[in-house]
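Asker: Provided herewith is a single structure, encoded as structure tokens, for subsequent inquiry.
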Amino acid sequence: MCTSSPRECEQAIRQLSSGRRYLGAMIEELNPGIVVKAVIDDGPAARADLRPGDRLVAVNGRSTLEGDIKDFKQILYTAKETGVLWIIIKRQGVLKKIDVRLEPYSKAQIDKMVAQHLLQGHGIPPTVSATSTPQQ
């Protein structure tokens, strides 16, 4: 359970997520390397044709063949200003270049993150979630 008040959590989540760009993909480490585990429907990764099972060979010119999630997060951080990733993947033995434009979270996505935290961290069901809490 979360030790902050629900209102403090909601405000923090909204502040941290507002304007922040996301990829829309979950990745996992191989030994060695990185692979796409899942892709969020209708997210930037899905629109760019990134798929589960794609092995990341390089991102923005940096090899990820021996990389880990920490390395990948550093690459994402350095791309925060431009919001552009060019990724070389290996899919079914074939190399392919994919261009992805990171996008800001939508209000609906932020509402969902707030509702999920309020449920898991505070036991507040979605009917009494962030969408009914007054905004400032």
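Asker: Could you figure out which of (1) of a type outside the set (Val, Ile, Thr); (2) touching a strand residue (DSSP E or B) at 6+ places or on another chain (Cβ under 9 Å); (3) surrounded by fewer than 17 Cβ atoms within 10 Å (Cβ to Cβ); (4) modelled with pLDDT of 95 or more isn't true of residue 48?
Answerer: Only one criterion in (1) of a type outside the set (Val, Ile, Thr); (2) touching a strand residue (DSSP E or B) at 6+ places or on another chain (Cβ under 9 Å); (3) surrounded by fewer than 17 Cβ atoms within 10 Å (Cβ to Cβ); (4) modelled with pLDDT of 95 or more is unmet by residue 48, namely (3).
Asker: If you don't mind, another one. Could we say that residue 92 is of a type in the set (S, T, N, Q) and modelled with pLDDT of 95 or more here?
Answerer: Working: of a type in the set (S, T, N, Q): yes; modelled with pLDDT of 95 or more: yes.
Considered against the rule, which asks whether it is of a type in the set (S, T, N, Q) and modelled with pLDDT of 95 or more, residue 92 comes out as yes.
Asker: Residues to consider are 27, 13; find the one that is surrounded by 14 or more Cβ atoms within 10 Å (Cβ to Cβ), of a type in the set (Val, Ile, Thr) and not assigned by TED's automatic domain parsing to the domain that holds residue 126. Reasoning before the result, please.
Answerer: Working: 13 fails: not assigned by TED's automatic domain parsing to the domain that holds residue 126.
Only one candidate qualifies: 27.
Asker: Related question: Please determine whether any residue of segment 111-130 is within 30 Å of residue 7 (Cα to Cα), surrounded by 15 or more Cβ atoms within 10 Å (Cβ to Cβ) and touching an Asp or Glu at 6+ places or on another chain (Cβ under 6 Å).
Answerer: yes
Asker: Same structure again: Output the residues belonging to segment 28-41 that are at pLDDT 95 or above and of a type in the set (A, V, I, L, M).
Answerer: If the condition is that a residue be at pLDDT 95 or above and of a type in the set (A, V, I, L, M), then 34, 35, 36, 38, 39 are the ones that fit.
Asker: Are any residues in segment 26-62 part of a strand (DSSP E or B) and of a type in the set (Asp, Glu), and if so, which ones? Give the derivation first.
Answerer: Of the residues in segment 26-62, the ones part of a strand (DSSP E or B) are 26-29, 34-39, 55-59, 62.
Within segment 26-62, 28, 29 qualify.
Asker: Can you pull out every residue in segment 63-118 that is part of a strand (DSSP E or B) and among the hydrophobic types (A, V, I, L, M, F, W, C)? Before you say what the answer is, go through the steps one by one.
Answerer: Of all residues in segment 63-118, those part of a strand (DSSP E or B) come to 63, 84-91, 94-101, 103-104.
Of everything in segment 63-118, those that are part of a strand (DSSP E or B) and among the hydrophobic types (A, V, I, L, M, F, W, C) turn out to be 84, 85, 86, 87, 88, 89, 94, 95, 98, 100.
The values are calculated or read from the model by the stated rules, or taken from the named source; none is laboratory data. Just so we're clear, the structure is a prediction, and the values are computed from it rather than from any experiment. Counting neighbours? That spans all protein chains shown, and the Cβs are built from the backbone with ideal geometry, glycine included.
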